[in-house]
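Worksheet for the structure shown next.
The values are calculated or read from the model by the stated rules, or taken from the named source; none is laboratory data. Keep in mind the model is a prediction, meaning the values are calculated, not measured. Positions of Cβ are backbone-derived with ideal geometry, glycine not excepted, and every protein chain shown enters the neighbour counts. The accessibility values were calculated without ligands, DNA or RNA, using every heavy atom of the protein model including side chains. Shrake-Rupley method; radii C 1.70, N 1.55, O 1.52, S 1.80 Å.
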Amino acid sequence: MDRRWWVQGASDASADETPARKPTYVEELERQLAEKDEQLRATIAKYREAASEFDAARVRGRRDVAKEVERGKRAILAELLEVVDNLDRALDAARANPDIDTMRLGVEMVRSQFLDRLEGFGVTRLDALGAVFDPAVHEAVTTVPTSDPAQVDRVLGVIREGYRVGDDLLRPAIVAVGQTPKPDDGHGSATPSARA
């Protein structure tokens with residue numbers, strides 16, 4: 001290396017005249033980076049477009065489901081209005097002819113029609129009377145003493161009918177369940193262990 005000042009000045013001047021160039025691999029990396037940036041921008045734009053389409057489809061789906069539920073409600077209510085019409089006819093007939101048997105027959109017919117309509121919607125009555133007590137479908141509100149061991153833990157009375165819709169419980173049956181009577185002679189002579 002030449003340390004003379006006029007040589008250094010000359011070499012510095014020649015270095016200033018040559019434009020500074022990056023190595024070719026750096027230029028290639030910058031070009032690849034620019035391409036990847038462009039691809040990223042395009043992907044983000046596509047993602048945003050897809051997300052907005054998804055949100056719009058979700059809103060449309062909710063609106064369509066709400067319309068279908070509303071149509072279903074209307075169909076059910078229209079079916080039930082026929083039952084109300086027949087109840088009105090039964091009451092009018094009872095006013096015109098106060099015969100209790102005629103009124104009873106009319107109400108039984110309307111009840112049968114109503115149960116048929118419910119069955120058309122998949123609603124079925126639980127057969128609770130005589131069945132083994134099942135807390136999943138029965139709600140016991142009282143017990144009935146029984147000496148017959150075959151009637152213990154069985155439904156001996158139905159206070160309110162229970163219903164299913166398909167396989168799901170719509171309303172549990174309110175029932176009275178058979179139970180063996182507790183031994184008590186009425187004189188208070190039972191031993192403490194017998195009371196416990």
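The C-beta contact set for segment 71-88 (first residue free of Cβ contacts under 8 Å to residues at least 40 places away in the same chain and in a helix (DSSP H, G or I), second residue among the basic types (Lys, Arg) and open to solvent by less than 70 Å² (accessible area, probe 1.4 Å), distance under 7 angstrom, 6+ apart or interchain) comprises Leu80/Arg117; Val83/Arg117.
For segment 36-53, taking the residues that are of a type outside the set (Lys, Arg) and over 41 Å from the mean Cα position of the chain (by Cα), the one that is least open to solvent (accessible area, probe 1.4 Å) is identified as Asp37. Annotation: of all residues in segment 78-102 being open to solvent by 70 Å² or more (accessible area, probe 1.4 Å), over 22 Å from Glu161 (Cβ atoms) and among the hydrophobic types (A, V, I, L, M, F, W, C), the one that is nearest to the chain's Cα centre (by Cα) is Leu81. Taking the stated definitions as given, is Val7 among the β-branched types (Val, Ile, Thr), modelled with pLDDT of 80 or more and in a helix (DSSP H, G or I)? Judged against the criteria, Val7 is not a match. Scanning segment 137-165 for residues that are under 27 Å from the mean Cα position of the chain (by Cα), of a type in the set (A, V, I, L, M) and surrounded by fewer than 15 Cβ atoms within 10 Å (Cβ to Cβ) gives a single hit, Val165. Please work out if Leu105 is surrounded by fewer than 16 Cβ atoms within 10 Å (Cβ to Cβ) and modelled with pLDDT of 90 or more. So Leu105 fails the test. Hey, can you tell me all the residues within segment 166-179 that are over 12 Å from Ala131 (Cβ atoms), modelled with pLDDT of 90 or more and surrounded by 13 or more Cβ atoms within 10 Å (Cβ to Cβ)? Hits for segment 166-179 are Leu169, Arg171, Pro172, Ile174, Ala176, Gln179. Scanning segment 60-77 for residues that are open to solvent by 70 Å² or more (accessible area, probe 1.4 Å) and more than 14 Å from Phe114 (Cβ to Cβ) yields a count of 12.
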